[in-house]
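Note sheet for the following structure.
The values are calculated or read from the model by the stated rules, or taken from the named source; none is laboratory data. Bear in mind that the values here come from a model prediction, so they are computed numbers and not experimental data. Don't worry about glycine lacking a Cβ; one is built from the backbone with ideal geometry, like all the others, and counts go over all protein chains shown.
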Amino acid sequence: MKVSVSQFEIDSEERIVYSEAEKLERRALGLPACEPSPPGLLKPAGGVRRSAIKWRAISAPDVLNEAPEYGSAFSRGLRLDFPNGITHLIISGTASVGPRGETLYPGDFRAQCWRTFRNITRLLESEGASWHDVVRTTCYLRDIERDYKEFNRIRTEFYTALGLDPFPASTGIQARICRSDLLVEIEALAILMRDGAK
C-alpha cells in the first residue's frame with residue numbers, strides 16, 4: 001500500500017533500518033524509529049508556541065536565485081516575527097552566487113567577498129533591514145590560513161564604510177563550502193523591532 005505525503009510517496013510495507021543511536025536521536029525528536037516521517041511531525045520545544053511565531057522564507061531574486069532551483073533544499077533566509085514585536089532574520093550561508101545559481105568570480109577571493117556582502121545586503125533590504133540590524137555572522141573560508149587576513153581587511157572596510165558601531169559578533173571557520181569554486185560563505189542573524197514594539 002502506498003501513502004502519499006506531500007510530494008513524497010511512502011510504501012508502508014518498506015521500513016528503513018536505523019542504528020540504535022539513530023533510533024535514540026529520532027525518538028528524542030518525537031519521530032518514529034522505524035519509518036520515514038511525514039513532514040510537519042516535529043513538535044517545537046517548550047516556551048513560545050510555534051503557532052505564535054509567524055515565519056516565512058525571504059529572498060532577493062534580483063541578485064541570487066532560490067536554492068531549490070538548482071537542487072538544494074534550503075531557504076536563502078527566514079523571517080521570524082515573534083509576538084513581542086521582535087523580528088529575527090536568519091540568513092543562510094550565502095556566497096558569491098548569481099541570479100541563475102551560478103558561481104560568480106571563481107578563483108577571485110576578493111570579488112567573491114564583495115559579492116557575498118552584496119547578496120546578504122539585498123536579502124536584508126528585502127525585509128526592510130540593513131547591516132545595522134545584524135548582530136552575528138558566521139564566516140566560512142575554504143582556506144582560512146591563506147585568506148583570513150584579506151577577508152578581515154575587506155570585512156573591516158565594508159563595516160567601516162557602513163558606519164557600523166559596534167561590528168556584529170562573528171566567528172570564522174575553515175570549512176568545505178558547498179561548491180569547490182566558492183571560497184567564502186557567510187551566515188547572518190539580524191534582529192529588528194517592528195512598529196509598535198516596546
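Quick one: Glu35 ticks every box in (1) modelled with pLDDT of 80 or more; (2) more than 28 Å from Met193 (Cα to Cα) bar one, so which box is it?
Here Glu35 clears every test but (1).
Residue-wise test of (1) modelled with pLDDT under 85; (2) of a type in the set (Val, Ile, Thr); (3) surrounded by 13 or more Cβ atoms within 10 Å (Cβ to Cβ).
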| site | (1), (2), (3) |
| --- | --- |
| Ile16 | yes, yes, no |
| Ile53 | no, yes, yes |
| Ser72 | yes, no, no |
| Tyr105 | no, no, yes |
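Among the numbered criteria (1) under 15 Å from the mean Cα position of the chain (by Cα); (2) surrounded by fewer than 20 Cβ atoms within 10 Å (Cβ to Cβ), which single criterion is violated by Phe167?
Evaluating Phe167 over (1) under 15 Å from the mean Cα position of the chain (by Cα); (2) surrounded by fewer than 20 Cβ atoms within 10 Å (Cβ to Cβ) leaves (1) as the failure.
Given the condition closer than 30 Å to Pro83 by Cβ, touching a strand residue (DSSP E or B) at 6+ places or on another chain (Cβ under 7 Å) and small (Gly, Ala, Ser), answer yes or no: does some residue in the stretch 130-146 qualify?
Checking the stretch 130-146: not a single residue is closer than 30 Å to Pro83 by Cβ, touching a strand residue (DSSP E or B) at 6+ places or on another chain (Cβ under 7 Å) and small (Gly, Ala, Ser).
Step by step: first the residues of the stretch 128-164, then only those that are outside any helix (DSSP H, G or I) and buried (at least 19 other Cβ atoms within 10 Å of the Cβ), then the one that is farthest from the chain's Cα centre (by Cα). Which residue is that?
Ranking the candidates gives Arg142 first.
In the stretch 68-85, what count of residues is obtained for those that are out of contact with any Gly (no Cβ under 9 Å at 6 or more places or on another chain) and not in a loop (DSSP other than H, G, I, E, B)?
6
Of the conditions (1) over 18 Å from Arg110 (Cβ atoms); (2) of a type in the set (A, V, I, L, M); (3) at pLDDT 95 or above, Ala175 satisfies every one except a single condition; which number is it?
(3)
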